[in-house]
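Q: Dumping the structure here so I can ask a few things about it.
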Amino acid sequence: MRTQVGIIGAGPAGLLLSHLLHLRGIESVVLERRSREYVERRVRAGVLEQGTVDTLVEAGVGERLKREGLPHHGIELRYGGAGHRIAFERLVPGRSITVYGQQEVVKDLIAARLAAGGDVRFEVDDVALHDIDTDRPYLTFGGERLDCDVIAGCDGFHGVSRASIPEGVLTEYRRDYPFAWLGILARVKPSSEELIYARTERGFALHSMRSPEISRFYLQVAPDEDLEAWPDERIWAELRARLETVPGFTLATGDIVERGITPMRGFVAEPMQHGRLFLAGDAAHIVPPTGAKGLNLAVADVRVLTEALARFFADGSTEALDGYSRACLPRVWRAQHFSWWMTTLLHTFESDDAYARRLQTSYLDYVTSSEAAGTTLAENYVGLPYEEETS
Ligand code: FAD
Ligand code: DHB
């Protein structure tokens, strides 16, 4: 078998890349370890930046997103017994975010690929990469061989792609946080119209949503927390304790339909490429979820990679491909910093003393009262424009 681009992973990065390449007349095959049902049900991100929404709409996969996605024009930071709104419409006029589940994006992309006759293979569990530092790389899986011009490693943080790069090529940067997030999806009308990021002495909590009937919540918990230790009543009691901290706010509760624990870390591998292998999305970098950047970064990488591949297949020029990592990394590091900053601002660190807590409060007061500081948060949250990378 032969294709132009062999794509490993059918997450948002791999599927979007396959779709954008198809729109440019470039063939690809997507190899995914999990089943279609599994990837379509995997509950993860929910906040799409303006640029991500525009990318999906322009690519013709935004119809349901436009219909069912929930546009948001602000978020609330809740601490010290009060809520403070970060108003996007005032601070970053014309820019907003859309709440739409990652698994819905994945469903829409799979449907689009299959409708166009795309080759997406599920339950392929022994993918191996070969000869990536030659111009004839290939993939093997289940006794088959797929010859490619280029391989795109879109297989997430624990995938095989990054691990196939010879030792000594990559420099890895990482930061592990001393806590995790316990996330739930519940069948209950959201108690707030906008997302609430709450900082309390008991730890961080986030109130998000997926639809007018489904709410999404996260709780800061210990890094080695056992999900079994969190029966429904304990989850709701803790969410109430961390969110019902302002007068008049009552948290509505309901059936919990999904739950999981996510470790918190920042990670970047540089460069995001080696030979004919190009890493995109979580395969190359991850951020702690505070600030909702991971999925959006994956989309930004894929845009850059699509342009570079289009030039390569048009006239054989490798200039844009050679510059892929260099083009992506400024945005990657901006998101690393923003996510670290939001995480530090809102979580309880056991190592913090009273002085550190006062600094945290001071910064929260500044962000919620100064136009300049509020704008810093807002413009990063809604997402910085793409121009520099693609010009
Ligand atoms: P993935 O979605 O991880 O996809 C990789 C795919 O590769 C998977 O389907 C996997 O099964 C497959 N794979 C792995 N190994 C192999 C192999 N060996 N062979 C074949 N296939 C393989 N980001 C945001 O932007 N906004 C948010 O609000 C947000 N919230 C989040 C909340 C939580 C709780 C979590 C966990 C993450 C959140 N993120 C958020 C991050 C976001 O989910 C990820 O950044 C995003 O999934 C990255 O997409 P990806 O395609 O690069 O990787
Ligand atoms: C969601 C996740 C995030 O990490 C975040 O910062 C906001 C919302 C969510 O899943 O809805």
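The values are calculated or read from the model by the stated rules, or taken from the named source; none is laboratory data. Model, not experiment: these values are computed from the prediction. A quick note on method: Cβ atoms are made from the backbone with ideal geometry, for glycine too, and the neighbour counts reach across all protein chains shown. Areas reflect the complete protein model, heavy atoms only, side chains present, ligands, DNA and RNA absent. Shrake-Rupley method; radii C 1.70, N 1.55, O 1.52, S 1.80 Å.
Q: Multiply the residue gap between residue 23 and residue 257 by 0.36 nm, knock off their C-alpha separation, and tell me the result in nm, one decimal place.
A: Working: separation 234, 0.36 × 234 = 84.24 nm, distance 3.68 nm.
80.6 nm is the gain from fully extending residue 23 to residue 257.
Q: Still on this structure, I have one more. Any idea of the accessible area per residue across the chain, 1.4 Å probe, to the nearest Å²? Provide the component values of the computation, followed by the final result.
A: Values: 16820 Å² over 391 residues.
That works out to 43 Å² for each residue.
Q: Can you work out ³J(HN,Hα) from phi for every residue in segment 288-298, in order, using Karplus 6.51 cos²θ - 1.76 cosθ + 1.60 and θ = phi - 60°, giving whole Hz and x for Gly and Pro?
A: x, x, 4, x, 6, 9, x, 5, 5, 5, 4
Q: Which shape class applies to segment 61-105: rounded if a/c is under 1.5, otherwise prolate when a/b exceeds b/c and oblate if not, where a ≥ b ≥ c are the square roots of the Cα gyration tensor eigenvalues? Don't skip to the end; give the middle numbers.
A: Values: a/c = 4.15, a/b = 1.84, b/c = 2.25.
Oblate.
Q: If each of residue 369 and residue 111 carries a label point 7 Å out from its Cα toward its Cβ, how far apart are those two points in nm?
A: 4.9 nm
Q: Efficiency by 1/(1 + (r/R0)^6): what FRET value for residue 134 and residue 250, r their Cβ-Cβ distance, R0 = 56 Å, to the nearest 0.05?
A: Values: r = 63 Å, r/R0 = 1.12.
FRET efficiency, residue 134 to residue 250: 0.35.
Q: While we're on this one: Compute a Gaussian network model of the chain, connecting alpha carbons closer than 10 Å, and tell me which residue from 222, 115, 298 fluctuates the most.
A: Maximum among the listed residues: 115.
Q: Continuing with the same structure: Mean-square fluctuation check for the chain, GNM, Cα pairs under 10 Å: which of 327, 280, 116 is largest?
A: Answer for the Gaussian network model of the chain: 116.
Q: Residue by residue through segment 247-256, what is 3J(HN,Hα) from phi via Karplus (6.51 cos²θ - 1.76 cosθ + 1.60, θ = phi - 60°)? Round to whole Hz and write x for glycine and proline.
A: Per residue, the Karplus-derived 3J(HN,Hα) values read x, x, 9, 10, 8, 7, 10, x, 6, 8 Hz.
Q: Could I ask something else about it? So what's the back-of-envelope 222 nm ellipticity for the chain, counting only DSSP H runs of four-plus at -39500 (n - 2.57) apiece and dividing by all residues, rounded to 500? Working shown, then result.
A: Numbers: 13 runs with 144 residues, N = 391.
The per-residue figure over the chain is -11000 deg cm²/dmol.
Q: Here is a follow-up. Report, by chain and number, residues whose modeled amide H sits under 5 Å from the one on residue 45, excluding near sequence neighbours (fewer than 5 apart, same chain).
A: Residues meeting the amide H criterion: 102.
Q: For segment 115-191, what is Rg from Cα atoms divided by 2.2 N^0.38 Å, rounded to two decimals?
A: Segment 115-191 yields a ratio of 1.62.
Q: Determine the order of 233, 104 by accessible area, beginning with the largest, at a probe radius of 1.4 Å. It would help to have the intermediate numbers written out before the result.
A: On the way: 233 130, 104 40 Å².
If we order 233, 104 from most to least accessible, we get 233, 104.
Q: Now a separate question. Considering only protein heavy atoms, what is the solvent-accessible area of residue 293 at a probe of 1.4 Å, reported in Å² to the nearest 10?
A: 10 Å²
Q: Another one. Sort out for me the Cα centre separation of segment 291-339 from segment 121-200, rounded to whole Å.
A: First find each Cα centre; the distance between them is then 15 Å.
Q: Right, something else. Each label point is 7 Å from the Cα along the Cα-to-Cβ direction; what then is the distance between the points at residue 169 and residue 38, in nm?
A: Rounded to a tenth, the inter-label distance reads 2.6 nm.
Q: So what does the Cα-only Debye profile of segment 29-132 read at q = 0.20 Å⁻¹, as log10 I(q)/I(0), no solvent term?
A: Summing over Cα pairs of segment 29-132 leads to -1.06.
Q: Please list, in order along segment 266-272, the HN-Hα scalar couplings obtained from phi with the Karplus expression 6.51 cos²θ - 1.76 cosθ + 1.60 (θ = phi - 60°), rounded to whole Hz, x for Gly and Pro.
A: Per residue, the Karplus-derived 3J(HN,Hα) values read x, 7, 9, 9, 10, x, 8 Hz.
Q: Further, regarding this structure: Ignoring solvent entirely, what values of log10 I(q)/I(0) come out of the Debye formula for segment 75-164 at 0.11, 0.16, 0.18, 0.20 Å⁻¹ when each Cα is a single scatterer?
A: So the normalised log intensities work out to -0.60, -0.84, -0.95, -1.08.
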